[in-house]
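These notes concern the structure reproduced below.
The values are calculated or read from the model by the stated rules, or taken from the named source; none is laboratory data. This structure is a prediction, so every number in the text was calculated from the model and none was measured. FYI the Cβ positions are ideal-geometry reconstructions off the backbone, even for glycines, and counts take in every protein chain you see. What goes into the accessible areas is simple: the full protein's heavy atoms, side chains included, and nothing from ligands, DNA or RNA. Shrake-Rupley method; radii C 1.70, N 1.55, O 1.52, S 1.80 Å.
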Amino acid sequence: MENNQTPKKRIFSGIQPTGNLTLGNYIGALRNFKLLENEYDCLYSIVDLHAITVRQNPAELRKACLRTMAIFLASGLDPEKNIIYFQSQAPQHAELGWILDCFTYMGELSRMTQFKDKSAKHADNINCGLFAYPTLMAADILLYMTDLVPIGADQKQHLELARDLAQRFNAIYGDVFVVPEPYIPKVGARVMSLQEPTRKMSKSDPEDTYIAILDKPEIIRKKMRRAVTDSDNMVRFDPENHAGISNLMSIMSALTGKTMDEITNEYDGRGYGVFKDAVADAVISVLEPIQKEYDRISADKAYLESVMVDGRERAQSIAYRTMLKVRKKVGLAPMKL
Ligand code: ATP
Ligand code: LTN
């Protein structure tokens with residue numbers, strides 16, 4: 001880089017390798033990653049340490065890790081422009097996570113909506129990792145001196161904690177961490193479940209509630225047709241009172257760029273069947289090319305491995321420098337006397 005250029009801002013985001021990535025993950029996160037790669041210095045992590053906060057089948061998790069990496073690449077992310085890597089392969093995440101735990105109050109973590117939701121869902125396994133999930137997420141972000149964090153609206157509360165922790169740490173030890181800002185898309189920040197449209201679409205919910213990025217066209221059409229809507233056939237955007245149809249409109253708008261008014265003008269009065277088919281067409285035309293790339297990339301193990309090794313080396317070299325600073329500030333035993 002030439003001296004007269006200001007350095008690019010840094011972006012960090014993570015996706016858990018749990019189950020099948022959904023249309024929600026694509027619209028709320030992945031496709032925005034691609035839009036940012038030229039303007040920013042980006043790290044995108046597959047956060048497998050976060051995934052084990054709920055019980056996982058080891059063989060499934062291993063597969064899901066590789067599948068997620070292949071989907072990142074298939075959706076167009078360039079592994080040279082972006083650092084794409086597995087969280088657990090840069091051990092500094094766990095190290096900083098622990099240190100930040102020592103600066104986080106129980107009360108702060110108890111208020112987290114995701115913790116409340118997930119402990120209700122997994123009542124037999126409310127473990128300390130699930131509770132401390134947000135401090136590990138803060139560590140992910142702060143390790144890389146991140147300026148901006150692209151996330152869906154559901155992660156805003158966690159990002160607030162990362163900001164609070166950065167500020168708290170800096171107030172004690174001087175300027176160590178960059179205080180990160182959220183970067184939430186205007187449309188599609190919260191794609192809702194097809195069956196319970198007042199809840200977010202989530203890859204750990206039952207199959208029929210979400211569209212997976214790898215779902216074949218006939219499955220997408222079937223799931224769309226079964227999506228919950230009202231019984232009056234009106235196509236109007238009113239998420240409070242008509243969550244189902246509004247969700248389908250948001251998906252349509254996010255994928256085609258049409259405004260809600262344009263969608264209403266085009267489809268109102270023509271019946272939900274027609275509209276649902278049109279939404280299915282829009283989804284299929286975005287996902288089909290990604291699926292083709294996915295098939296190609298996931299068959300090329302040598303390529304996947306080279307991305308994995310390169311990603312972790314680049315991530316570790318940044319993380320290592322941050323940890324030297326943090327260790328020194330906190331007063332941990334020096335590596336050299
Ligand atoms: P899980 O259901 O397994 O907890 P998830 O589907 O919420 O997972 P994550 O890996 O936690 O997926 O999220 C990855 C990214 O995708 C995050 O930035 C998150 O905000 C975004 N995201 C997840 N679900 C949606 C959704 N329904 N709409 C928009 N963005 C979403
Ligand atoms: N908690 C996020 C995934 C995640 C993340 C991150 C996102 C883990 N670490 C750092 C942004 C930045 C989720 O559940 N969606």
Solvent-accessible heavy-atom area per residue, rounded to whole Å², over the chain at 1.4 Å: 49 Å²
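Can you tell me the length gained on complete extension of the stretch residue 9 to residue 265, counting 0.36 nm per residue apart and subtracting the Cα distance? List each step's numbers first, then the result.
Values: separation 256, 0.36 × 256 = 92.16 nm, distance 4.07 nm.
88.1 nm is the gain from fully extending residue 9 to residue 265.
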Charge dipole magnitude, Cβ of K and R +1, D and E -1 - the stretch 56-123, Cα centre, debye nearest 20: 320 debye
Residue 199 versus residue 288: modelled label distance in nm, points set 7 Å from Cα along the beta carbon direction: 3.3 nm
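Kindly provide the trypsin sites (Lys or Arg not before Pro) of the stretch 154-201 that DSSP labels as loop, not H, G, I, E or B, and whose Cβ sees at most 10 other Cβ atoms within 10 Å. Intermediate results must be reported in sequence, preceding the final value.
Working: sites: 156, 163, 168, 186, 190, 199, 200; in loops: 186, 190, 199.
Of the trypsin sites (Lys or Arg not before Pro), the ones in loops of the stretch 154-201 whose Cβ has at most 10 other Cβ atoms within 10 Å are 186.
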Gaussian network model of the chain, springs between alpha carbon atoms under 10 Å - residue of 192, 308, 234 with greatest fluctuation: 234
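Carbon-plus-sulfur fraction of the accessible area of the stretch 192-288, 1.4 Å probe, in percent?
Carbon and sulfur atoms account for 47 percent of the accessible area of the stretch 192-288.
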Net charge dipole size for the stretch 1-152 [Lys, Arg +1 and Asp, Glu -1 on Cβ; Debye, nearest 20]: 460 debye
Fluctuation leader among 154, 238, 124 - the chain, Gaussian network, Cα springs under 10 angstrom: 124
Cleavage-rule hits, trypsin sites (Lys or Arg not before Pro), the stretch 284-337, DSSP coil, Cβ neighbours within 10 Å at most 10: 336
Low-density loop positions, GluC sites (Glu not before Pro), the stretch 196-244 - DSSP coil, at most 14 other Cβ in 10 Å: 240
Among 206, 180, 17, residue whose mean-square fluctuation peaks in a GNM of the chain (springs only between Cα atoms under 10 Å): 206
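Ignoring ligands, DNA and RNA, please state the percent of accessible area on the stretch 1-62 from carbon and sulfur, probe 1.4 Å.
On the way: 1410 of 3040 Å².
That fraction is 46 percent.
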